[in-house]
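As structure tokens, the structure follows; a few thoughts come after it.
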Amino acid sequence: MTYILALDQGTSSSRSIVFDERGRIVAMAQREFRQIYPQPGWVEHDPNEIWDSQLATAREALQKAGLTAADIRAIGITNQRETTVVWNRRTGQPVHNAIVWQDRRAEPLCAQLREHGLEPKVRETTGLVIDAYFSGTKIRWILDHAPGAHIAAAQGDLAFGTVDSWLLWKLTGGRVHATDVSNASRTMLFDVRHNRWDPGLLGALHVPDSLLPQVHPSSHVYGECEAALLGAAIPIAGIAGDQQSALFGQACFKAGLAKNTYGTGCFMLMHTGSAFQTSANGLITTSAAQPTTTPEFALEGSVFIAGAVVQWLRDGLNAIKSSSEVQALAESVPDSGGVMFVPAFTGLGAPYWQPDARGTIVGLTRGSNAAHIARAALESIAFQSAALLQAMSRDAVAAGGHAVTELRVDGGACVNNLLMQFQADLLGIPVVRPRVIETTALGAAYLAGLATGVWKSLDELAAQWQVERRFEPTLPRERAAELMQRWERAVRQAVAA
């Protein structure tokens, strides 16, 4: 049997999963790490904690599987995207904590860029909108605020990377500074049509090109990990940002196929093939994971707070003791009792793009209780995702394609049957959960396996994808439309707040 090790570096934890050649999970290890909140709206990670936790889980997963590094054909990396690390090339030490994708501190700089009329250039070149979500303005903030950073950058002493690049650097002992197209496409500095860094955008943000990693296809042998780390030198042969990796792991290789990942945030992507398609409905265009040098694209919508709303019920409201209790609490009432919960803790992402929106609970009465709020919190994940899919389908139809006919789902919260059924009811199309829901890690494994000959083709990978459960819509379409109208009304109140 052939095995692949997938490193899945997420927002709240690092995981490592060993897959066999049939895409089945052999062993898994996971460790949480600190979330650092220096100010309201600011979120940081310690890059060294990310590395230590990721290395520890890799070793643990191999041990659990009863395997040695010599049994592993390749390593694939998938990662939280946009999170920004800048480190010193000579010392290997970060010059500042990593600034996490959720962080809003660069919004004033984004406002300046918008005022200077840069929005059309950014959209046309990168497929993105100007927002503090993306890496470019985070790099600039670090250069402006880390002591001596501008001078060190000008002298070529600093390196920027999203988390994949940081892990790749550490795994290869500082020999390889690279990333893949899917992660590069999230920086607001990358020309996705031609797969290259854009000099005009680098100039506008005063980011020296000496900071930047080399960019390769997602399925590519980047280098070998140091033998001392895991026990043998293993090719690192696949890299993709977590959402593009999940799209790949869901076998959404063709235009029109869509997936939604229910994690800390919620991320819906629809493959659009080789067509660079801009959205008229608040979505962004991004590079899909690319097995070759040929550009491939996807439309994407991001919900900033999805599973994190359950963490808030646990840690902020103390309504539950563990996240696994939320379904039982929500099911203890027949519906939300008219309560609507808009979890705009860090603003609203697509399709609204309202950075100043704040979390709002509406429809409370004297009869409302914790169960109603829990149910409304779960339903908020489905409402936000439904708004994304409706926007996506409008874009697809406008471009001459078809509306999405089924939604493939993955991520931690997709095991919640109440949520998945409500999602299907709102959308009016089947919601399909695969047997392997760890599709983010599976996508990284597939990319690494393609580059090292474990799998020969995309058709071979598509044949491995298997359905665990289909959730068929049961709600009358008029009722679903009515619920969506109530949701949009609640969103308007959150924005006004």
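The values are calculated or read from the model by the stated rules, or taken from the named source; none is laboratory data. For clarity, every value in this text was computed on a predicted model and none was experimentally measured. Virtual Cβ from ideal backbone geometry, glycine too; neighbours counted across all protein chains shown. Each accessible area value is taken on the protein alone, full model and side chains, heavy atoms only, with ligands, DNA and RNA left out. Shrake-Rupley method; radii C 1.70, N 1.55, O 1.52, S 1.80 Å.
List of remarks:
- Relative intensity, log₁₀ I(q)/I(0), of region 82-217 from a Debye sum that treats every alpha carbon as a point, q = 0.15 Å⁻¹: -0.65
- Under the Debye formula (equal points on every Cα, no solvent term), log10 I(q)/I(0) of the chain at q = 0.05, 0.12 Å⁻¹: -0.17, -1.06
- Region 406-457: translational diffusion in µm²/s, Stokes-Einstein, Kirkwood Rh over Cα pairs, 4 °C, 1.567 mPa s: 104 µm²/s
- Counting heavy atoms of the protein chains alone, residue 267 has an accessible area of about 20 Å² for a 1.4 Å probe.
- Membrane-span-like helices in the chain, defined here as complete DSSP H runs extending at least 30 Å along the helix axis by their C-alpha atoms with mean Kyte-Doolittle hydropathy no lower than -1.0, are 370-398; this is a sequence and geometry rule, not a statement about a membrane.
- Normalised by the number of residues in region 172-331, the average gap of Cα pairs under 8 Å and 6 or more apart makes the relative contact order 20 percent.
- Value of [θ]222 nm, deg cm²/dmol, for the chain, DSSP H segments ≥ 4, -39500 (n - 2.57) each, nearest 500: -10500 deg cm²/dmol
- Of the accessible area of the chain, computed with a 1.4 Å probe over protein heavy atoms only, carbon and sulfur atoms account for 50 percent.
- Computed over region 189-285, the alpha-carbon pair-distance distribution with 5 angstrom bins reads 2, 10, 13, 17, 18, 17, 13, 6, 2, 1, 0, each value a whole percent.
- The alpha carbon gyration tensor of region 282-422 gives principal lengths a ≥ b ≥ c with a/c of 1.5 or higher and a/b greater than b/c, which makes the shape prolate.
- Surface/4 of the Cα convex hull for region 43-132, nm²: 8.8 nm²
- Semi-axis lengths, Å, region 138-209, gyration tensor of Cα atoms, sqrt of 5 times eigenvalues: 19, 18, 10
- Summed over the residues of the chain and divided among them, the accessible surface reaches 36 Å² per residue at a probe radius of 1.4 Å.
- Using a simple spin-label model with pseudo-atoms 7 Å out from Cα toward Cβ, residue 88 and residue 221 lie 3.5 nm apart.
- Kirkwood hydrodynamic radius over Cα pairs of region 373-497, then Stokes diffusion coefficient at 20 °C and 1.002 mPa s, in µm²/s: 130 µm²/s
- Local charge for residue 483 was computed over the other residues whose Cβ lies under 12 Å away, with Lys and Arg +1 and Asp and Glu -1, and equals -2.
- Rg over Rh for region 173-229 works out to 1.04, both radii taken from alpha-carbon positions and Rh defined as the Kirkwood radius.
- Cα-Cα separations in region 344-440 greater than 23 Å, expressed as whole percent: 38 percent
- Computed Rg/Rh of region 443-497, alpha carbon atoms with Kirkwood Rh: 1.36
- Mean projection of the Cα convex hull over all viewing directions, computed for region 1-91: 7.2 nm².
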